[in-house]
Amino acid sequence: MPSILLHPPFPHLLAAVLYVGLAIHFWRSRWRGAVLDQPVRGLVGWERGWLAVALVVHGATLAQEIFPAGGAGMRFGFAVALSMMTWLAVTLYWIESFYARMEGLQMLGLPLAAVCGLLPWLLPGEHLIANAASPTFRLHFLMAMLAYSLFTLAALHAILMAVAEKRLHRGRMTPLFAGLPPLLTMETLLFRLIHIAFVLLTLTLASGILFSEQIFGKPLPFNHKTIFAVLSWLIFAALLFGRHRYGWRGRIALRWTLTGFAVLLLAYVGSRFVLEVVLGRPT
C-alpha cells in the first residue's frame with residue numbers, strides 16, 4: 001500500500017465510508033418497508049467481514065494517532081478518546097453478535113463510529129502522556145477504556161430500549177424495532193453489560209487511587225475528573241443495588257444508566273474537550 005494511504009485523512013475517511021456504507025446497507029435491507037416483509041436475522045458472513053475491515057482500518061488510524069511516529073510517550077486527547085471508545089464498543093458488538101441478537105445497535109453505533117472516527121483528524125489534540133511505558137499504567141488504561149466502551153454500548157442499548165418501548169406503547173413499530181428481541185431479553189443484556197463495565201470501572205478507580213504514583217507519577221489529584229469518575233461509580237452502584245434489592249427495571253433503569261454514562265463521559269472526555277477545544281490548552 002502506498003505510504004500516502006496511511007496518512008490522514010485517507011484512513012479516517014475510509015473507515016467512515018465503510019461504517020456509513022454498512023449502515024446504508026442495513027437501512028435498505030432491514031429497516032425500511034413493511035414490518036412483515038423484513039426477515040429477522042443476524043449478521044451474515046459478508047456483513048461481518050465488511051464490519052471487520054472497517055474495524056481494522058479504524059484501529060490502524062487509532063494506533064497512528066495514539067503512538068505518533070518518532071514521538072515519545074502517548075497522545076490521547078478527547079477526540080482520540082471518543083474514537084477509541086466507539087471503536088471498542090463496535091468491536092465488542094461485533095464479538096457479542098455471534099452469541100446474541102443486537103441488530104438494533106447498528107442504527108446508533110455505525111453512524112456514531114463514523115463520526116468519532118473522523119474526530120482525531122478534524123480536531124487533532126496534542127495531549128501527551130509521558131509515563132505510558134509503565135506496565136501499571138497500561139493495565140489501568142486498558143481497564144478504563146474497556147469500562148468506557150462497555151458503558152457506551154450499554155448507553156446505546158438503553159436509548160434503543162427507550163425508543164422501542166415508546167413505539168410499542170404507541171403501536172407504531174417499524175421493521176427495525178419489530179425485529180428486536182423482547183424488551184426483557186434486551187434488559188437482561190443491558191444489565192450484563194453494566195455489571196461487567198462496573199467491575200472494570202471499580203478496578204480502574206481502585207488502581208488509580210492505590211497506585212497513583214506508579215501510574216501518573218504523582219499523588220492522585222482531587223479534581224473534577226476524579227469527582228466525576230467517583231460520582232459515576234456511585235450512580236452505577238446505586239443502579240445495581242436498586243436492581244438487586246428492589247427489582248428496578250424499565251424507565252427507571254434506563255434513566256439511571258444514561259445519567260451514569262453522561263457523568264462518566266464528563267470525567268475524562270468532557271474535561272479534555274474543555275481544555276483542548278474551549279480553552280485551547282493541549283496539556
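The values are calculated or read from the model by the stated rules, or taken from the named source; none is laboratory data. All figures in this text were calculated on a predicted structure; none of them were measured in a lab. So basically every Cβ, Gly included, is an ideal-geometry build from the backbone, and we count neighbours across all protein chains shown.
Go through the residues of the range 96-116 one by one and say whether even a single one is touching a His at 6+ places or on another chain (Cβ under 6 Å) and at pLDDT 85 or above. Among the residues of the range 96-116, not one is touching a His at 6+ places or on another chain (Cβ under 6 Å) and at pLDDT 85 or above, which makes the answer no. What do you reckon, is Ser271 among the polar types (S, T, N, Q) and modelled with pLDDT of 90 or more? Answer is no for this residue.
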